[in-house]
Amino acid sequence: MKKFLLQSILFVSAAVVGLLTGCTEPESQETISVSDSQVTLLGDGSETQTVTILSAPGEVAAEAGASWLRVSDIVDNVLSISADPNDSGSERSSFIELTSGKAVVSIKVRQLAAEGNGVHFRYLNDYRFSAMSPNGRWIGAIREEHTDDGEQGFIPAFIDTETNELFELPIIRQSACNIQGINCVSNDGKMFVFNAGVTSSGIIDLEGNLTFPQSLTNTEDINWDGRVPDINATSEDGSIWVGYQFRNVLGYIYHPVIVENGVPRLLPMPETDYAGNSWAENVNGIIVHGCSADASIIYGMDMGYANGAVYWTKADNYAEAHWVKEADDIQDDGENVNIVNGVLGNGFTTAISPNGEWLAVDGGFVKFVDGYTDGTIYPASGLSMGATNDGIGFTQSGVVDIVNNASLGSTAEWVSAQYDGISYSGGWIEFQSADGRCLKGTREETGNASTVHYGWYIFRDVQ
């Protein structure tokens, strides 16, 4: 695997302007180049990493930006970096500033929290988007950065939770893929990003290669105009991807899709939308949002007037689209549709438990038995986000025992109890891997009249 972060070279320049003496002297550049623009240290303080000064206009001085960060004298163009133990309970970061003449370059340093029985916690504040693979092995993340010629670009990053290693990959230009989200990450290290330019997915692998899913084949009735599916989730073994294909024409424009071993096909639609309208009247269609680990259950939502929750089951080879519960009390005043007795979806790609038994819906959770559900809602306060195999539900209000409708505490209280006293606040849990080793969530940060969402995750070391 190429580790582009650890071989990246950062160039920072300061112009040196010559005095005018009857003619104009050309500008020269003072530049420091270094082998590593970012490093990550373990939390126990035992680790030392080195950065090589590749070139500089003169003698280089190094200054640490925090009292806990240690830098050595530069010997043979090598700088050694270490840190005091981090007992704060969460990751921390700072910078090392290198100067040589007028040239300045900064090296970002992250330090993980010290281990608590092998439990690690990390905020992803530097990244706009993030997602976790079904088994918790890979965290995918994206941050924004401009290219050298000023085009908007995106820096993909992966974190290997088995080694604590974070590595960034080469920048992707907006013209190649306008990344406005991460839909999912597969267990084999594929990051499926939302390409807003064409409403589809791009796929970034561990080497930084950008590819795209295969498009559906045009038919007499449908021309896909070269568009490819937008993938929202993958099965645990990576053989099945699910999502939708967008079609920008009159008629329903979101078509549910399953991709089996790289080959896409349409999933069947219900006869009508959830409010009983024909698909000619409902111009939005259906989006598949996710699937269980073995893809025995695929779920989605009617994107039209009523947002009914829909699913497909391996029990009938996905031959029919099933409403989670048939709507039997529909109130339509000509402008608004109100489903009094039905089950609505919530649109989250992490809404289903890994074993496919529990699905978060609007107002709570529903249970699947042998591939089907009767649509009975187990109510829960707060917006339902996801569930574990053993019936623990995650909501934006906290954590619940689904069957007994009993609170298990706030998110912070439950995290602390389950993960050896880890201190966390300010958000919610989205997903827990089937073995309970990895937990992924989001927190809110408010400032300057705006709210920003950052990812976070917790993982236990592999035993």
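The values are calculated or read from the model by the stated rules, or taken from the named source; none is laboratory data. What you see is a predicted model; the values in this text were computed from it and never measured. Cβ: placed from backbone, ideal geometry, glycine included. Neighbour counts: every protein chain shown.
Looking only at region 203-231, filter to residues that are among the small types (Gly, Ala, Ser) and more than 18 Å from GLY140 (Cβ to Cβ); which one of those is modelled with the lowest pLDDT?
Among those residues, the one meeting the criterion is GLY226.
Does region 367-388 hold any residues that are crowded, with 18+ Cβ neighbours inside 10 Å and within 22 Å of TRP414 (Cα to Cα), and which are they?
TYR378, ALA380, SER384, MET385, GLY386, ALA387, THR388
So which of ASP374, ASP390 is in contact (Cβ under 8 Å) with a residue 40 or more places away in the chain, charged (D, E, K, R) and not in a helix (DSSP H, G or I)?
It is ASP374.
Determine, yes or no, whether GLY208 is of a type outside the set (A, V, I, L, M, F, W, C) and touching a helix residue (DSSP H, G or I) at 6+ places or on another chain (Cβ under 8 Å).
Spelling it out, GLY208 is indeed of a type outside the set (A, V, I, L, M, F, W, C) and touching a helix residue (DSSP H, G or I) at 6+ places or on another chain (Cβ under 8 Å).
Would you point out the residue of region 275-312, among those that are within 21 Å of ASN389 (Cβ to Cβ) and surrounded by fewer than 22 Cβ atoms within 10 Å (Cβ to Cβ), that is farthest from the chain's Cα centre (by Cα)?
SER296
Conditions tested, residue by residue: (1) in contact (Cβ under 8 Å) with a residue 60 or more places away in the chain; (2) assigned to a loop (DSSP other than H, G, I, E, B); (3) more than 23 Å from MET269 (Cβ to Cβ).
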residue	(1), (2), (3)
GLY202	no, no, yes
SER215	no, yes, no
THR219	no, yes, no
ASP225	no, yes, no
GLN245	no, no, no
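Checking GLU445 against (1) under 30 Å from GLU144 (Cβ atoms); (2) assigned by TED's automatic domain parsing to the domain that holds PRO354, only one condition comes out false. Which one?
(2)
So, in region 345-370, how many residues would count as being farther than 16 Å from GLY300 by Cβ and small (Gly, Ala, Ser)?
Within region 345-370, residues that are farther than 16 Å from GLY300 by Cβ and small (Gly, Ala, Ser) number 3.
Considering each of ALA233, ALA275 in turn, give the residue that is of a type in the set (A, V, I, L, M) and part of a loop (DSSP other than H, G, I, E, B).
Every option except ALA275 fails the conditions.
Looking only at region 186-200, filter to residues that are in a strand (DSSP E or B) and more than 21 Å from THR161 (Cα to Cα); which one of those is farthest from the chain's Cα centre (by Cα)?
Per the stated criteria, the residue is SER200.
If I filter region 412-429 for residues that are under 25 Å from the mean Cα position of the chain (by Cα), surrounded by fewer than 21 Cβ atoms within 10 Å (Cβ to Cβ), polar (S, T, N, Q) and within 30 Å of ASP316 (Cβ to Cβ), do I get at least one hit?
No.
Checking the structure you have, find out if any residue of region 246-265 is touching a Pro at 6+ places or on another chain (Cβ under 6 Å) and either farther than 30 Å from GLY342 by Cα or not β-branched (Val, Ile, Thr) (or both).
Checked against the condition, which is being touching a Pro at 6+ places or on another chain (Cβ under 6 Å) and either farther than 30 Å from GLY342 by Cα or not β-branched (Val, Ile, Thr) (or both), region 246-265 yields at least one hit.
Quickly run through region 70-99 and pick out the residues that are more than 18 Å from GLN38 (Cα to Cα) and either outside any loop (DSSP other than H, G, I, E, B) or among the β-branched types (Val, Ile, Thr) (or both).
VAL75
Given the residues ILE422, ILE429, ILE377, which is the only one that is at pLDDT below 90 and among the β-branched types (Val, Ile, Thr)?
Every option except ILE422 fails the conditions.
In this structure, is ALA387 modelled with pLDDT of 95 or more and under 22 Å from the mean Cα position of the chain (by Cα)?
Judged against the criteria, ALA387 is a match.
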